[in-house]
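Participant: One structure follows; several queries about it will come next.
The values are calculated or read from the model by the stated rules, or taken from the named source; none is laboratory data. For clarity, every value in this text was computed on a predicted model and none was experimentally measured. Cβ placement follows ideal geometry from the backbone for every residue including glycine, while neighbour counts extend to all protein chains displayed. Surface accessibility is based on the protein's heavy atoms, side chains included, excluding ligands, DNA and RNA. Shrake-Rupley method; radii C 1.70, N 1.55, O 1.52, S 1.80 Å.
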Amino acid sequence: SSKTFWTTTGMFPQELIIGFPKCVKISKVAIQCYLVRTLRIERSTSKDPVGFQQCIEKDLQHREGQLQMEEFPLPEFEATYLRFIIKSAFDHFVSVHWVMAEGT
């Protein structure tokens, strides 16, 4: 729902882990967020959310009063878990409104 979101507690870094029922192939990740400055995406193929490897780290553009929509086309990789680490922000609190992983 576009009316719901996950918000940080005001200290950084913050992380959000998304798990899949089984290992999947991912070719693109997208996120809609607010006031995120630096975002890192990591993946794990383990049964448990451990042993993460960095996929991408990016500084996002500040869009005053607007949600940030970022797409990350990536070389196809496998993942059981994706970890989104918000390393820094443009304000004390940020929000994540949705995350999408595309693949098979």
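Participant: Short version: ³J(HN,Hα) in whole Hz for each residue of region 29-35, in order, from phi by Karplus 6.51 cos²θ - 1.76 cosθ + 1.60 (θ = phi - 60°), x for Gly and Pro, what are they?
Facilitator: Result, ordered by residue: 10, 10, 9, 10, 8, 9, 6 Hz.
Participant: Right, another one. What Rg and what Dmax come out for region 49-93 when only alpha-carbon atoms are used, in angstroms?
Facilitator: Here Rg and the maximum Cα pair distance are 13.2, 36 Å.
Participant: Take the chain, compute every pairwise Cα distance, and split them into 5 Å bins from 0; I just need the percent in each bin.
Facilitator: Bins of 5 Å from zero give 2, 12, 25, 24, 20, 11, 5, 1 percent of pairs.
Participant: Additional query: State the percentage of accessible surface on the chain attributable to carbon and sulfur atoms; use a 1.4 Å probe and exclude ligands, DNA and RNA.
Facilitator: 50 percent
Participant: How much accessible area per residue does the chain have, counting only protein heavy atoms and a probe of 1.4 Å, in square angstrom? Mind dumping the intermediate values first?
Facilitator: Working: 6180 Å² over 104 residues.
It amounts to 59 Å² per residue over the chain.
Participant: Determine the sum of side-chain charges near L82: Lys and Arg each +1, Asp and Glu each -1, restricted to other residues whose C-beta is under 10 angstrom from that of L82.
Facilitator: Neighbourhood net charge equals +1.
Participant: Okay, next question. Keeping all protein chains in place and using 1.4 angstrom, which order do R63, R37, R83 fall into by accessible surface area, from largest down?
Facilitator: Values: R63 75, R37 100, R83 50 Å².
Highest to lowest solvent-accessible surface, that is R37, R63, R83.
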